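These notes concern the structure reproduced below.
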Amino acid sequence: MLNKNLLKQAQTIFTEEFLSLDGIPEGWSESSLLGIANYINGLAMQKFRPSDDEQGLPVLKIKELRQGSCDANSERCSLSIKPEYIVHDGDVIFSWSGSLLVDFWCGGTCGLNQHLFKVTSTDYDKWFYFAWTNHHLQKFTAIAADMATTMGHIKREELAKSRVLIPSNSDYERIGGLLAPLYNLVISNRIENSKLATIRDTLLPKLMSGEVDVSNLDL
């Protein structure tokens, strides 16, 4: 509930700062999603299985993105994939095929599967390209729904046509000062929740089996 409230608060700020303008303020400019960020498509991970002597990495697919974590049923890929296809906590991931979704990944290190974009930028901060990608998600969903196929998807040309407003340096810093702490708190909360869930899943079977005895703990 806390994270939902934080994201709702961030959306309100984004709407006020970018979508409620009568025109383009002085010192601002226009670009597109492809103009502000790199959208790196994942690999067909069935071609990059771990070798017999390596544990490998869990594979991030749409299922894992929706549930926010990998599990025992997640496929695995080789550790030798290029670094740009490795996903870390806090990365922005955009599912562009099937179930359209953009979110912060906080489920641990994994490999990026095809049909998912890892969104990065060397020029702009995470709050900026996440907020604008999320803003256009409703439009992308409508485009995918209109397709005649059962597996609607978004092409790069749609990213290139998606309008973005770039603030002046002073406004960029001011708006970032409002949005970045909210998104960072969402990420830190999710990472903490993920760690607690891992501890729970590790300890609970041992408690149930009696392997760990807590009867003498002084509570």
>> Using each residue's phi in segment 34-51, evaluate 6.51 cos²θ - 1.76 cosθ + 1.60 at θ = phi - 60° and report the 3J(HN,Hα) Karplus result to the nearest Hz, with x for Gly and Pro.
In response: 5, x, 10, 8, 9, 10, 8, 6, x, 9, 6, 5, 5, 8, 10, 5, x, 6
> When Rg is the radius of gyration of the Cα atoms in segment 118-190 and Rh is its Kirkwood radius, what does Rg/Rh come to?
Replying inline: 1.05
> Quick one: Karplus J couplings for segment 174-179, per residue in order, coefficients 6.51, -1.76, 1.60, θ = phi - 60°, nearest Hz, x for Gly and Pro?
Replying inline: 5, 5, x, x, 8, 8
> Once both axes come from the Cα atoms, what is the angle between helix 2-14 and the longest principal axis of the chain, in degrees from 0 to 90, rounded to 10?
Replying inline: 10
> With each label point set 7 Å from Cα along the Cα-Cβ vector, what nm distance links K4 and Q67?
Replying inline: 2.1
> Between L100, L182, L21, which gets the highest mean-square fluctuation from a Gaussian network model of the chain, Cα cutoff 10 Å?
Replying inline: L21
>> Accessible area per residue for the chain in Å², computed with a 1.4 Å probe and the full protein assembly in place, what is it?
In response: 57
>> Quick one: the Cα spread of segment 1-80 along its three principal axes, in angstroms, biggest first?
In response: 60, 33, 15
>> What whole-number volume per residue, in cubic angstrom, does the convex hull of the C-alpha atoms of the chain give?
In response: 168
> At A145 and L101, where each label point lies 7 Å from the Cα along Cα→Cβ, what is the point-to-point distance in nanometres?
Replying inline: 1.8
>> Taking 0.36 nm per residue of sequence separation and subtracting the Cα-Cα distance, how much length would be gained by fully extending the chain between L178 and T122, in nm to one decimal?
In response: 18.1 nm
> GNM, the chain, Cα, under 10 Å: largest mean-square fluctuation among T15, T109, T141?
Replying inline: T15
> Length gain on complete extension for the stretch S168 to S194, per 0.36 nm per residue less the alpha carbon to alpha carbon distance?
Replying inline: 5.6 nm
>> Once the cut-off is 23 Å, how many percent of the Cα-Cα pairs in segment 67-192 end up in the long-distance tail?
In response: 39
> How many Å³ per residue does the convex hull of the Cα positions in segment 86-139 occupy?
Replying inline: 81
> Ignoring any ligand, DNA or RNA, what whole percent of the accessible area of segment 1-146 comes from carbon and sulfur when the probe is 1.4 angstrom?
Replying inline: 47
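With contacts defined as alpha carbon pairs under 8 Å and 6 or more residues apart, what's the relative contact order of the chain in percent? Mind dumping the intermediate values first?
Working: 312 pairs, mean separation 57.8, N = 219.
After rounding, I find 26 percent.
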> Can you give the helix-only mean residue ellipticity at 222 nm for the chain, where every DSSP H stretch with n ≥ 4 adds -39500 (n - 2.57) and the sum goes over all residues, rounded to the nearest 500 deg cm²/dmol?
Replying inline: -13500 deg cm²/dmol
> For the chain, which span is the longest to avoid every loop-located (per DSSP) member of trypsin sites (Lys or Arg not before Pro) having at most 14 other Cβ atoms inside 10 Å?
Replying inline: 1-154
> Which whole-Hz ³J(HN,Hα) couplings does segment 109-114 yield from phi under the Karplus relation 6.51 cos²θ - 1.76 cosθ + 1.60, θ = phi - 60°, glycine and proline marked x?
Replying inline: 5, 7, x, 7, 7, 4
>> A 21 angstrom limit on the alpha carbon distance is what I want to check against. Which of K118/K139; K47/K195; K82/K118; K47/K161 exceed it?
In response: K47/K195; K47/K161
>> Under 5 Å between amide hydrogens, which residues at least 5 positions from E75 or on another chain qualify, with H placed 1.01 Å from N in the peptide plane?
In response: V59
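The values are calculated or read from the model by the stated rules, or taken from the named source; none is laboratory data. Bear in mind that the values here come from a model prediction, so they are computed numbers and not experimental data. As a convention, Cβ positions derive from the backbone with ideal geometry for all residues, glycine included, and neighbour counts pool all protein chains shown. When the accessible area is computed, the model is the full protein with side chains, heavy atoms only, and any ligands, DNA or RNA have been set aside. Shrake-Rupley method; radii C 1.70, N 1.55, O 1.52, S 1.80 Å.
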